[in-house]
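What follows is calculated from the coordinates using simple rules that are stated; it is not laboratory data. Every value quoted in this text rests on a predicted model; they were computed, and no experiment measured them. When we count neighbours, we look across all protein chains shown, and the Cβ atoms used for this are built from the backbone with ideal geometry, even at glycine.
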Amino acid sequence: MSSGATRGIPTSPADYAAAFKGSAIKRAKLWMLQRNPCAVLGNVGTDEDLAVLEAMREHEHEVVREQARWAASRLTASAQSAAPASTDHPRTDAHPAP
C-alpha cells in the first residue's frame, strides 16, 4: 500500500501557481515543496513509493535529488532487511537557488 504522501503535490510551475494563487505559501519555492514529500517518504514510505523517488532523483534541483536518493536508499534498505535503515539525513540547511 502506498503512503499517499505525494498526492496533491504540484508537479509543474503552472500547477503550483494555480494551486496557491493568492496564498502566502507561494513564498516557498516549488522545489522546496517537492523536496518535503521525499523526506516524508524516506521515513514512512513503502516500496510502492520508489517509482516517485526514482523520478525525483532526476529533478533539476540538487537538494531535491539528494533528498530523493536518501529516501530511496532508506526504503530499499528497509525492504532488504528487517534492520532499521540509516538515519543519516542529507543536509537541508543550505537551499541554493536552482
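Brief remarks follow.
- Residues W70, W31 in ascending order of nearby Cβ atoms (within 10 Å, fewest first): W31, W70.
- By the count of neighbouring beta-carbon atoms within 10 Å, fewest first, R35, R27, R65 end up ordered R27, R65, R35.
- Estimated at 0.36 nm per residue, the fully extended path between S23 and T11 surpasses their Cα-Cα distance by 2.6 nm.
- Fully extending the segment from D47 to Q80, taken as 0.36 nm per residue of separation minus the present Cα-Cα distance, adds 10.8 nm.
- Stokes-Einstein D in µm²/s, Kirkwood radius over Cα pairs - the range 29-87 at 4 °C with 1.567 mPa s viscosity: 116
- Using the Karplus relation 6.51 cos²θ - 1.76 cosθ + 1.60 with θ = phi - 60°, the per-residue 3J(HN,Hα) values for the range 48-63 come to 5, 8, 4, 4, 5, 5, 4, 5, 6, 5, 9, 4, 5, 9, 4, 5 Hz, with x marking Gly and Pro.
- In sequence order, calculated HN-Hα J values of the range 73-79 (Karplus, 6.51, -1.76, 1.60; Hz; x Gly/Pro): 5, 5, 5, 5, 5, 5, 6
- Long-range amide H partners of F20 with built H, under 5 Å: none
- Burial ordering of L41, L30, fewest other beta-carbon atoms within 10 Å first: L30, L41
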